[in-house]
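These notes concern the structure reproduced below.
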Amino acid sequence: QVQLVESGGGLVQPGGSLRLSCAASVSIFTIYNMGWFRQTPGKQRELVATYTSIGITNYADSVKGRFTISRDNAKDTLYLQMNSLKPEDTAVYYCRASRAGYLYWGQGTQVTVSS
């Protein structure tokens, strides 16, 4: 069983920055594909960024150039650095680990971008 715990959310003004963290209970990054997703009320959860087990990253068009996904294998922690935040980035952000036949989600962390 894999447990994922997100942290780092909060309230930030437009143009500000936040760094989200996702701590995994076991060392999985080299065998699981990791990702950050977000969800707002009444909408489907959407992909923000992914980091595959072999180190390939990918971003949603809406966050390219502003967000950076990274990982620290020694700390079993996935990060999402979010810069130039916009009100439309407001959402609950979730961490996900996936591979064939296995899917794990964290509990989510709220990010609110507002003046």
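The values are calculated or read from the model by the stated rules, or taken from the named source; none is laboratory data. Remember, predicted model here, so these are calculated numbers, not experimental data. Here the Cβ is made from the backbone with ideal geometry for all residues, glycine too, and neighbour counts use every protein chain on show. SASA here: full protein model, heavy atoms, side chains in, ligands and nucleic acids out. Shrake-Rupley method; radii C 1.70, N 1.55, O 1.52, S 1.80 Å.
What the table below lists for this structure:
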{"item": "Residue of Leu20, Leu11, Leu85 that the Gaussian network model of the chain assigns the largest fluctuation, springs spanning Cα pairs under 10 Å", "result": "Leu11"}
{"item": "Local electrostatic count, Gly9, Cβ distance below 14 Å [Lys/Arg +1, Asp/Glu -1]", "result": "0"}
{"item": "From phi via Karplus (6.51, -1.76, 1.60), per-residue ³J(HN,Hα) for segment 17-26 in Hz, x at Gly/Pro", "result": "10, 9, 10, 8, 10, 9, 8, 9, 6, 9"}
{"item": "Cα gyration tensor shape of the chain, rounded if a/c is under 1.5, else prolate or oblate by comparing a/b with b/c", "result": "prolate"}
{"item": "Portion, in percent, of the accessible area of the chain that falls on carbon or sulfur, probe 1.4 Å", "result": "48 percent"}
{"item": "Length gained when the stretch Gln107-Lys64 is fully extended (0.36 nm per residue, less Cα-Cα span)", "result": "13.0 nm"}
{"item": "For the chain, built as a Gaussian network whose Cα springs stay under 10 Å, the top-fluctuating residue of Arg38, Arg99, Arg19", "result": "Arg99"}
{"item": "Cα→Cβ-extended label distance, 7 Å offset, between Asp76 and Arg99, nm", "result": "1.4 nm"}
{"item": "Principal axes of segment 71-115: Cα extent on each, largest first, Å", "result": "41, 23, 15"}
{"item": "Whole-angstrom gap from segment 93-115 to segment 69-92, using each part's C-alpha centre", "result": "10 Å"}
{"item": "Selected from Pro14, Pro41, Pro87 as most flexible by GNM, with the chain as the system and alpha-carbon contacts under 10 Å", "result": "Pro41"}
